[in-house]
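Data first, discussion second: the structure below is written as structure tokens.
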Amino acid sequence: MTTGIRPDGATDRFAAARQVADAVLFEGYVLYPYRASAAKNRLRWQFGVLVPPGWTAAGAEHAHQRTECLMEPKPGARLSAELRFLHAQRRTVQRLCPDGEFETVDELELPDRVLVPWDEATEERLTLDAAVTELTGAGRTLPFTRPASEQTEPVHDADGRLIGRLVRRRARIDGRIRLTASPLDGPYAALRLTATVENTGDWTPSGTTDRTEALPHALIGAHLFLGLSAGRFLSQTDPPEWARAAVASCRNEHTWPVLAGEPGRADVVLSAPIILEDHPAVAPESPGALYDALEIDEILALRTAALTDQEKREARGTDPRAADVITLADTMPPEVLDRLHGAVRALREVTGPGPEAPGDQAPDVPGTRPGTPWWDPGGDPDVDPATDRISIDGRPVGAGSRVLLKPGRRRTDAQDLFLHGRTALVEAVLHDVDGGVHLAVTLEDDPGADIRREQGRFLYFQPDELAPLEDL
């Protein structure tokens, strides 16, 4: 269902990015093992959940998303916005009684599936289009409503006899999209675009209402497409130098905008509730939607194929999307499964052929013999990690020296916080090609230090991250 004015060609502008957006929209929709009874499926939909304002005080979710980014529109440019989210609907299962009435039951057995109560969801889509010049000042606002509804679906057995029905109920959802633009200070003809998505519903929890009761009133997996008919958006992660300060001042709340669509283009932004890189793409090896991105596709496919027949029947009855996953795993050709084992994407084609080995064959590389040193002394006779020493705080430090660890602020690994104040033994002094010096160390109280030393698996620090101690 769409609302608002859509210019010709706006749908195609977002087509290249829609596959990634679908992955965001349906992430966590149904989790392995794809059965409603699985504990993992009792807490679903973790991203982009916009709840009514009356629920925000009771839970961790929020009622709005705010996107800010910079754009350089050309004269006469129009901006298209498309909001997508899931609308949860509660499905109950009813059996037909002999008296012709229906009673609600916990499950309904069919030959190929077991129908059970479940929260399904339907995709909602709203669009707003405006000239960029209309967005200054108060901008443009689009309020929207999705009314409450109830639908029934008859259920027949293998002989075509009516044995029950599914009842689907949807709650009312109210919301609002607002777009505004303001010029940047300075000589550049750029605008700061602000797009807010809000849940404005008046539903409030009563008594001990939990998150499950709030979800039918929420916008689930909410994300926003933004498109310029003429001009470009600026990357939030790699902006031009003149725009870095302005980009850094952008305020994004509960969402993150990235350039989307085909690489090299900058006329489309996807603002998603998860952090993505510019021009994100679904891996070409992916065989289809598996909905559980916390797992590896290969492992998911193998585990799903190994479910028992009864587990697969329940999964098929849980949701049509879960049924598709079961069918995908059961019918996946071996060559498709092989592709899931991994792919190398970092290699690039060389500009010319490299030196050829004698006889036009690659030289044999022998295996490492026991006792072979991890460092080749013949590689550079001017350095020797085992004997080189450097000066730290006026004292010589080299292999065998005791040091105190004090990781610096440039470290980005949170694990380094646990190393601060620990004592270690220097194993080697290493010089890199840029003239930097690194010291390989092992922790003194590490019970596996001997194994790490034998395997050459050390911790590495720069001189200013160490303080020399008295040797034993």
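The values are calculated or read from the model by the stated rules, or taken from the named source; none is laboratory data. Everything numeric here is computed off the predicted structure, so don't read it as measured data. Heads up, the Cβs are rebuilt from the backbone with ideal geometry, glycines too, and the neighbour counts pull from every protein chain shown. Just the protein is used for accessible areas: all its heavy atoms, side chains included, with ligands, DNA and RNA removed. Shrake-Rupley method; radii C 1.70, N 1.55, O 1.52, S 1.80 Å.
Tabulated values for the structure
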quantity: Gly221 being in contact with a Lys or Arg (Cβ under 6 Å, 6 or more places away or on another chain) and not in a loop (DSSP other than H, G, I, E, B); calculated: no
quantity: Counted residues, region 414-472 - those being among the charged types (D, E, K, R), outside any loop (DSSP other than H, G, I, E, B) and either at pLDDT 85 or above or open to solvent by 60 Å² or more (accessible area, probe 1.4 Å) (or both); calculated: 7
quantity: Subset of region 201-228 [of a type in the set (Gly, Ala, Ser), open to solvent by 10 Å² or more (accessible area, probe 1.4 Å) and in contact with a helix residue (DSSP H, G or I) (Cβ under 8 Å, 6 or more places away or on another chain)]; calculated: Gly201
quantity: Subset of region 184-195 (residues that are out of contact with any Lys or Arg (no Cβ under 8 Å at 6 or more places or on another chain) and at negative phi); calculated: Asp185, Pro187, Tyr188, Ala189, Ala190, Leu191, Arg192, Leu193
quantity: Enumeration of residues in region 107-126 that are part of a loop (DSSP other than H, G, I, E, B) and within 29 Å of the chain's Cα centre (by Cα); calculated: Pro117
quantity: Total residues in region 44-68, condition without any contact (Cβ under 8 Å) to a residue 60 or more places away in the chain and either among the charged types (D, E, K, R) or within 25 Å of Thr318 (Cβ to Cβ) (or both); calculated: 1
quantity: Whichever residue in region 390-413 is under 18 Å from Glu470 (Cα atoms) and free of Cβ contacts under 8 Å to residues at least 60 places away in the same chain and, among such residues, is least open to solvent (accessible area, probe 1.4 Å); calculated: Gly398
quantity: Selection from region 240-285 of residues that are open to solvent by less than 30 Å² (accessible area, probe 1.4 Å) and without any contact (Cβ under 8 Å) to a residue 40 or more places away in the chain; calculated: Val258, Leu259, Ala266
quantity: Checking Asp129 against (1) open to solvent by 60 Å² or more (accessible area, probe 1.4 Å); (2) in a strand (DSSP E or B); (3) among the acidic types (Asp, Glu), the condition it does not meet; calculated: (1)
quantity: Number of the condition not met by Glu198 [criteria: (1) open to solvent by 20 Å² or more (accessible area, probe 1.4 Å); (2) on the phi > 0 side of the Ramachandran plot]; calculated: (2)
quantity: Which numbered condition Thr237 fails, given (1) part of a loop (DSSP other than H, G, I, E, B); (2) open to solvent by less than 10 Å² (accessible area, probe 1.4 Å); (3) not aliphatic (A, V, I, L, M); calculated: (2)
